[in-house]
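The values are calculated or read from the model by the stated rules, or taken from the named source; none is laboratory data. Model, not experiment: these values are computed from the prediction. Counting neighbours? That spans all protein chains shown, and the Cβs are built from the backbone with ideal geometry, glycine included. These accessible areas exclude ligands, DNA and RNA; they are computed on the full protein's heavy atoms, side chains included. Shrake-Rupley method; radii C 1.70, N 1.55, O 1.52, S 1.80 Å.
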Amino acid sequence: MTQQEIGAETTAPQGGRVSRALDRGWERVDGAWISMSDSVRESTLGRWFKGVEQPNLADWALLGAICALAFVTFLYGDVKATFEHSFNFLDAVLAGRPQDFYQIAIERSTFGHPAVYDVPIYAVFGIWNLPAYLLYRYGDFDYLNSTPAQLWLKLMMVVFTLVATRLVMAIAKTIGVSAQRSKWVAFYFLSSMALFVPVLVIVQYDIISITFMLAGLLAYMRGRTRSFLLWFLLAITFKLFALFIFIPLVLLREKRLLRAVGQLVVGVLGLLLCRLMYRGDLAFEASTGGFTDLMLDRLRTSGFTWQSSIPVPLFVVFIVGLAIFAYAKRTSSTRELQAFAIYLSLAAFLVFCAIVPLNPYWINLVAPFSILIIFANPRYLTLNSLLEMAIGTTLFLIYMLVGYSMYNSGIFRDLLFGQFIPPADPQRFATPGDILRGLGLGGNNVIFMVGFMIACVLAVLIINYPRPAFIAGMPNAQTIKRSVVWIRVAALFGFSALLFGMYLIPATPTVYSSVSSVPGLTEVDVLAPDSVIAEELDFDTTLSVSQLQIGMDASAVTWINSAIINVSIVDEQGESVFAGSTPANAVGVGLASFRTDDLVLKAGETYTISLTGVQSEGEPAYVQLNPDQDRFPTTENGKPVDGDLVLALKGTETE
């Protein structure tokens, strides 16, 4: 008898309670009573759901579906500028003028976007895009407006992602993860929000530098110093971010200062060579100088003031401290060195993304190291999985809400979905941030979201510090929960749904508007006792109104004020056809919206809209007037006034 059966028999119903037991979810299996929930878990479906030795076909199918959809749908326009400059690079090389590349890029820039990076990134793009370049040079090929060309360009990011995935798996195996379980490492990496959005939605190329960094980290863990230095030499020439982990990694292992300095010099030789190639080139300085200064300014933004006038950049303090810690830390075994190599890399990029104003796709730098730490730490598998997802998701939502410009209908324009399905006309939401604000996530909620993200970052850094128990128990062998896996994938679907919602949801048409860019205000405070602001409405067509918006100025009403603004509409017989209310402290300045459901204003009939207030506490609120429109009779406490109420009606109209 199994332990499950023993437990079931000791608690299962007996005798005359059998019928009641069946009603309460027990059943008889092979002579033993077990709960039906246990029965479900032991069914074929239950065993399949619990079979988590490696990702199954359904897991890969769900992830593959959202990745494939994103691949053929989204493209942020920045990469097209680099696409063009890769052709300019090939032109310069084939003409025997590589030293003139930056000048050529300035002269031949469709987007007015100079070549802001060091030349290796354009060389990689140029090699990959060579087939498209040949079609362009020897045929009539408009590559910047060709969907196949854009997909080919995007495929390069996918290829680098797959190579990076293999490297992450190899690093995981190096720290002791089994070959079978390393497939979960790959799945986690590919399902990371921090990878999915930068690579498949925004199509940025930090993944190239990340791939070289991972190759360097793998060599580092295997004790191959020359390979480590070579890979990071290449990674640093693509983007300087690699320096954030290269310096701590060198100092973690090499305690002889002269040798450490020598290795650091070797690591930056590629960058120095690139700069020497274009030293004194005004086109190079004009193209890259401003961009480099902007990036350095961002490192200085978050911090504190020293002696009332000198700003102290917090990230610089942190990264210097990290380097000092790495040099001071004496690892006693290869396993400890490997654990700290992952942790220091994670800490450098995680803190960078948490406290530096950034392009949100830079969180791609965090992705491989956050996944590796999940599978290195012998504890907290589920918690770490959720924290990793929460940090990436929250960061992208925050940047949506603060108005980051990349999320608009333009990301659909160049690839397959946008070619076959046009956007809603007009769109109800200009950005996914508008959807989030409509759900109540805007305003002060952004502050709480930032606090939540910072708390998650701190939690990751605290619970994943490689203590002795961590080192001894590495790698993680806890059972993976498929429910957590699918939550991770669901987050990708949810993010994509926001973008599709922005693109496809149509706006409700405006059937009447008297909105003014320079409105006036009523003299009467609508919240004062017995005050009534009214207007008679008479339309030539029948209007089915789903939303009513009225211009208000309640800026003087404080949060503690409990006054209410009421809006009502009555017909010619004095019968109410609509009534709505809103707290005055929620109005502010602008259009106050009211849902009107099935309100119908019939053609040729006169309706009176009235605004009143209750529970006044002495703080005034006024109704906006359009001084340039005087179509309908408007009154303040029965006294006629010039101008119409600032009013917008959304819905449909019929003859």
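Got a number for residues in the range 171-207 being outside any helix (DSSP H, G or I) and in contact (Cβ under 8 Å) with a residue 12 or more places away in the chain?
Of all residues in the range 171-207, those outside any helix (DSSP H, G or I) come to 175-181, 191-192, 202-205.
After this cut, where a residue has to be in contact (Cβ under 8 Å) with a residue 12 or more places away in the chain as well, the list is 175-177, 180-181, 191-192, 202-205.
Counting residues in the range 171-207 that are outside any helix (DSSP H, G or I) and in contact (Cβ under 8 Å) with a residue 12 or more places away in the chain gives 11.
Say whether the condition of being in a loop (DSSP other than H, G, I, E, B) and either open to solvent by less than 10 Å² (accessible area, probe 1.4 Å) or in contact with a Phe, Trp or Tyr (Cβ under 6 Å, 6 or more places away or on another chain) (or both) is met by at least one residue in the range 540-561. Quick ask: steps written out before the conclusion?
Filtering the range 540-561 down to residues in a loop (DSSP other than H, G, I, E, B) leaves 540-541, 554-561.
Adding the requirement that they be either open to solvent by less than 10 Å² (accessible area, probe 1.4 Å) or in contact with a Phe, Trp or Tyr (Cβ under 6 Å, 6 or more places away or on another chain) (or both) leaves 554, 561.
Yes - at least one qualifying residue is present in the range 540-561.
Quickly run through the range 319-355 and pick out the residues that are open to solvent by 60 Å² or more (accessible area, probe 1.4 Å) and farther than 12 Å from Pro248 by Cα. Lay out the reasoning, then the answer.
Quick first cut of the range 319-355, residues open to solvent by 60 Å² or more (accessible area, probe 1.4 Å) only: 320, 324-325, 327-328, 330, 332, 334-335.
Of everything in the range 319-355, those that are open to solvent by 60 Å² or more (accessible area, probe 1.4 Å) and farther than 12 Å from Pro248 by Cα turn out to be Arg330, Ser332, Thr334, Arg335.
Where in the range 567-655 are there strands (runs of 3 or more DSSP E), lying fully within it, with 3 or more residues that are under 44 Å from the mean Cα position of the chain (by Cα) and surrounded by 13 or more Cβ atoms within 10 Å (Cβ to Cβ)?
Numbers: elements: 576-583, 589-601, 606-614, 622-626, 634-636, 639-641, 647-654.
Answer list for the range 567-655: 576-583, 589-601, 606-614, 622-626, 647-654.
Can you tell me which of Phe244, Phe238 is in contact (Cβ under 8 Å) with a residue 60 or more places away in the chain and closer than 22 Å to Thr82 by Cα? Spell out how you get there, then give the answer.
Values: Phe244 fails: closer than 22 Å to Thr82 by Cα.
Of the residues listed, the single one that is in contact (Cβ under 8 Å) with a residue 60 or more places away in the chain and closer than 22 Å to Thr82 by Cα is Phe238.
Determine which single condition Phe196 fails, assuming it passes every other condition in (1) open to solvent by 10 Å² or more (accessible area, probe 1.4 Å); (2) under 28 Å from Ala81 (Cα atoms).
Result: Phe196 passes all but (1).
If you check every pair at least six apart or on different chains, which have Cβ atoms under 7 Å apart with a residue in the range 474-497 that is closer than 17 Å to Leu395 by Cα first and a residue that is aromatic (Phe, Trp, Tyr) second?
Matching pairs, first to second residue: Leu492/Phe196; Phe495/Phe396.
Of all residues in the range 282-317, which are open to solvent by 40 Å² or more (accessible area, probe 1.4 Å), at pLDDT 80 or above and either among the acidic types (Asp, Glu) or touching a Lys or Arg at 6+ places or on another chain (Cβ under 7 Å) (or both)?
Within the range 282-317, Glu285, Pro311 qualify.
Looking at Ser576, Ser568, Ser581, which is the one that is among the polar types (S, T, N, Q) and in contact with a Phe, Trp or Tyr (Cβ under 7 Å, 6 or more places away or on another chain)? Before you say what the answer is, go through the steps one by one.
Details: Ser576 fails: in contact with a Phe, Trp or Tyr (Cβ under 7 Å, 6 or more places away or on another chain); Ser581 fails: in contact with a Phe, Trp or Tyr (Cβ under 7 Å, 6 or more places away or on another chain).
Among Ser576, Ser568, Ser581, only Ser568 is among the polar types (S, T, N, Q) and in contact with a Phe, Trp or Tyr (Cβ under 7 Å, 6 or more places away or on another chain).
Within the range 39-60, track down each residue that is open to solvent by less than 60 Å² (accessible area, probe 1.4 Å) and at pLDDT 90 or above. Steps first, answer last, please.
Taking the range 39-60 first, the residues open to solvent by less than 60 Å² (accessible area, probe 1.4 Å) are 39, 43, 46, 51-52, 55-56, 58-59.
Listed by number, the residues that qualify are Pro55, Asn56, Ala58, Asp59.
Name the residue that is modelled with the lowest pLDDT, counting only residues in the range 203-240 that are under 30 Å from Leu415 (Cα atoms) and aromatic (Phe, Trp, Tyr).
Top of the filtered list is Tyr205.
Pairs please, first residue from the range 287-299 and among the hydrophobic types (A, V, I, L, M, F, W, C), second anywhere and at pLDDT 75 or above, Cβ atoms under 7 Å, 6+ apart in sequence or on different chains.
Here the result reads Phe291/Val116; Leu299/Pro313; Leu299/Phe315; Leu299/Val316; Leu299/Val356, each pair linking the range 287-299 to a residue that is at pLDDT 75 or above.
Exactly one of these conditions fails for Ile564: (1) under 30 Å from Tyr407 (Cβ atoms); (2) open to solvent by 30 Å² or more (accessible area, probe 1.4 Å); (3) modelled with pLDDT of 95 or more. Give me its number.
Single failed check for Ile564: (1).
In the range 232-243, is there at least one residue being of a type outside the set (D, E, K, R), assigned to a helix (DSSP H, G or I) and within 24 Å of Ser333 (Cα to Cα)? If you could, list the steps in order and put the result at the bottom.
Filtering the range 232-243 for residues of a type outside the set (D, E, K, R) gives 232-238, 240-243.
Then keep just the ones that are assigned to a helix (DSSP H, G or I); that gives 232-238, 240-243.
The next check asks that each one be within 24 Å of Ser333 (Cα to Cα); those that pass are 232.
Checked against the condition, which is being of a type outside the set (D, E, K, R), assigned to a helix (DSSP H, G or I) and within 24 Å of Ser333 (Cα to Cα), the range 232-243 yields at least one hit.
Among the numbered conditions (1) part of a loop (DSSP other than H, G, I, E, B); (2) among the hydrophobic types (A, V, I, L, M, F, W, C); (3) open to solvent by 60 Å² or more (accessible area, probe 1.4 Å), tell me where Val163 comes up short.
For Val163, the exception is condition (1).
Mind listing just one residue for me: the one in the range 476-532 that is part of a strand (DSSP E or B) and more than 25 Å from Phe429 (Cα to Cα) and, of those, most open to solvent (accessible area, probe 1.4 Å)?
Filtering the range 476-532 down to residues part of a strand (DSSP E or B) leaves 506, 510-513, 520-521.
Those still in the list that are more than 25 Å from Phe429 (Cα to Cα) too: 520-521.
Working: Gly520: 25, Leu521: 80 Å².
Filtering first and then ranking leaves Leu521.
Sort out which residues of the range 89-138 are buried (at least 18 other Cβ atoms within 10 Å of the Cβ), in contact with a Gly (Cβ under 9 Å, 6 or more places away or on another chain) and assigned to a helix (DSSP H, G or I), and write them in order of number.
Across the range 89-138, the qualifying residues are Phe89, Leu90, Pro120, Tyr133.
Any idea which of (1) among the hydroxyl-bearing types (Ser, Thr, Tyr); (2) modelled with pLDDT under 95; (3) closer than 23 Å to Ser516 by Cβ is the one Ser616 doesn't satisfy?
Status for Ser616: all satisfied but (3).
Tell me, yes or no, whether the range 432-452 has at least one residue that is farther than 30 Å from Trp559 by Cα, touching a residue at least 24 places away in the same chain (Cβ under 8 Å) and open to solvent by less than 20 Å² (accessible area, probe 1.4 Å).
Applying the first criterion (farther than 30 Å from Trp559 by Cα) to the range 432-452 yields none.
Within the range 432-452 (the criterion being farther than 30 Å from Trp559 by Cα, touching a residue at least 24 places away in the same chain (Cβ under 8 Å) and open to solvent by less than 20 Å² (accessible area, probe 1.4 Å)), the answer is no, since none of the residues qualifies.
Tell me the residue from Ala186, Ala170, Ala164, Ala194 that is within 25 Å of the chain's Cα centre (by Cα), of a type in the set (Gly, Ala, Ser) and under 13 Å from Leu218 (Cα atoms), please.
Working: Ala186 fails: under 13 Å from Leu218 (Cα atoms); Ala170 fails: within 25 Å of the chain's Cα centre (by Cα); Ala194 fails: under 13 Å from Leu218 (Cα atoms).
The conditions single out Ala164.
When residues of the range 199-244 are filtered for being surrounded by 24 or more Cβ atoms within 10 Å (Cβ to Cβ) and more than 21 Å from Val159 (Cα to Cα), how many remain?
The number of residues fulfilling the criteria is 2.
I'd like to know if the range 365-379 contains one or more residues that are surrounded by fewer than 18 Cβ atoms within 10 Å (Cβ to Cβ) and at pLDDT 95 or above.
As a first pass, look at the range 365-379 and keep what is surrounded by fewer than 18 Cβ atoms within 10 Å (Cβ to Cβ): 378-379.
Now restrict to residues that are at pLDDT 95 or above: 378-379.
There is at least one residue in the range 365-379 that is surrounded by fewer than 18 Cβ atoms within 10 Å (Cβ to Cβ) and at pLDDT 95 or above.
Among the residues of the range 414-431, count how many are surrounded by 15 or more Cβ atoms within 10 Å (Cβ to Cβ) and among the charged types (D, E, K, R).
Of the range 414-431, the ones surrounded by 15 or more Cβ atoms within 10 Å (Cβ to Cβ) are 414-418, 423-424, 427-429, 431.
Okay, now just the ones that are also among the charged types (D, E, K, R), so 414, 428.
Final tally of qualifying residues: 2.
Would you please list the contacts, defined by Cβ atoms under 7 Å and residues six or more apart or on different chains, that run from a residue in the range 573-590 that is under 14 Å from Ile609 (Cβ atoms) to a residue that is in a loop (DSSP other than H, G, I, E, B) and open to solvent by less than 50 Å² (accessible area, probe 1.4 Å)?
Filtered contacts from the range 573-590: Val577/Asp571.
Filter the range 455-471 down to residues that are in a helix (DSSP H, G or I) and either free of Cβ contacts under 8 Å to residues at least 60 places away in the same chain or in contact with a Ser or Thr (Cβ under 8 Å, 6 or more places away or on another chain) (or both), then give me how many there are.
Matching residues across the range 455-471 total 7.
One residue is enough: does the range 389-405 have a residue meeting the conditions surrounded by 17 or more Cβ atoms within 10 Å (Cβ to Cβ) and over 15 Å from the mean Cα position of the chain (by Cα)?
No - not one qualifying residue is present in the range 389-405.
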